[in-house]
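The numbers here are math on the coordinates, done by the rules we state, and not lab data. Owing to the predicted nature of the structure, the values given are computational and were not obtained by experimental measurement. Here the Cβ positions follow ideal geometry from the backbone for every residue, glycine too, while neighbour counts run over all protein chains shown.
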Amino acid sequence: MRAYHRPRTLITGGAGFLGSHLCDRLLAEGHEVICMDNFITGSPDNIAHLFGHPRFHFIQHDVTNFIYVEGPLDFILHFASPASPEDYLRYPIQTLKVGALGTHKALGLAKAKGARFLLASTSEVYGDPLVHPQPETYWGNVNPIGLRGVYDEAKRFAEAMTMAYHRYHGLDTRIVRIFNTYGPRMRLDDGRALPNFMRQALTGEPITVYGDGRQTRSFCYVDDMVEGIYRLLLSTEVEPVNLGNPDEIPLLQLALEIKELTGSASPIVFKPLPADDPRVRQPDISKARRVLGWEPKVSRREGLERTLAYFRQKLGLAC
Ligand code: NAD
Ligand code: UDP
């Protein structure tokens, strides 16, 4: 890394949900931020407020192709990838390509610039887990040829490629395994449970619970996630670190909570469970607590209320 103090940072997928929050955070920390995105699942709306900022630059580019960035770089945060199951089922080849070719290009750029590289990996590397909660030492239970395999295997490959660049080229790398995260700037129609439930509750559509709703997830508010990622970026931890909120909840209960919070009259309807849908998911965050001194601070109630305020505004509904 360079000696002088203003870091110059590339965020791939910077116009997405998490990427745009990271742009905000790194600008607030004094970085010069280059945001790169091809808008396959992200939106210019997420970064519209940053255009005109003297330390913000945007490059529209598909990172599966050679990445050119002029000048030095201190950090590369590789967040480009569809992340919602509906998105990656709609774009299976693009998802495999961005996890494989995109990660390779971003690592090559980090090597050329001598930049620290942080990979956005996922709890999906654990697949439908047979160990619960999931510690980083668990190797996972993934169906490579299943519908979700395009995402899970792309991320597993991305982790392997990142470690290979670290071991073979001595690249300074970080890997974050992100568990379900939510908050403002998620797309209303991205198909994930939380935005679906909120949109449905706010517009009076039926709330669609897949399967019997007993499958669990653990939802982390975006501000907590961004804090954890920032701490990991500045840490010395090379091996993967889980970040997420261990507060685990069955999906049916989440649907009921959102219905209650919104005062919605929407009925709850049950739809078929998608193939290979993990039955449980909860991060073991002992490592994050130990090496980053991090744990989530925002309660589910508080996070849901903040997110509902955003969705109400997006839908043009009064608060
Ligand atoms: P998102 O879809 O909102 O953001 C992804 C961004 O990447 C989008 O702006 C998209 O246009 C961009 N992108 C995709 N392919 C690209 C390509 N080839 N070239 C350039 N840009 C490209 O999703 P998100 O929820 O913000 O997820 C961001 C990252 O975090 C992803 O890598 C995802 O796998 C990871 N992650 C997110 C969660 C979560 O709960 N949100 C959980 C685990 C992992
Ligand atoms: N889900 C649901 N109703 C929806 C969307 C999703 O019940 O309208 C379920 C989905 O089957 C899964 C859980 O909610 O069990 C979380 O799904 P999401 O798409 O948010 O992300 P995942 O954690 O599966 O990647």
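Of all DSSP beta bridges located in the chain, what percent are antiparallel, nearest 5? Write out the running numbers ahead of the final one.
Working: 3 of 38 bridges.
In the chain, approximately 10 percent of DSSP beta bridges are antiparallel ones.
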Most mobile of Phe270, Phe58, Phe219 per a Gaussian network model of the chain (Cα springs, under 10 Å)?
Phe270
Lysine pairs in the chain with Cα distance under 27 Å, only those 8 or more apart or on different chains: how many are there?
15
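Under the definition of Cα pairs under 8 Å and six or more residues apart, what whole-number percent is the relative contact order of the stretch 227-302? Walk me through the numbers before you get to the answer.
Details: 43 pairs, mean separation 39.3, N = 76.
Relative CO of the stretch 227-302 lands at 52 percent.
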Label-to-label distance, nm, for residues given as Glu29 and Leu256 (7 Å Cα→Cβ offset):
4.0 nm
With a 10 Å cut-off between alpha carbons and a GNM built on the chain, which of Thr307, Thr203, Thr181 moves the most?
Thr203
Trypsin sites (Lys or Arg not before Pro), restricted to the stretch 1-81: which are DSSP loop and have at most 14 other Cβ atoms within 10 Å?
Arg2
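For the chain, what's the relative contact order in percent, using C-alpha pairs closer than 8 Å and at least 6 residues apart? The partial results should precede the final answer.
Numbers: 631 pairs, mean separation 52.9, N = 319.
Worked out over the chain, it gives 17 percent.
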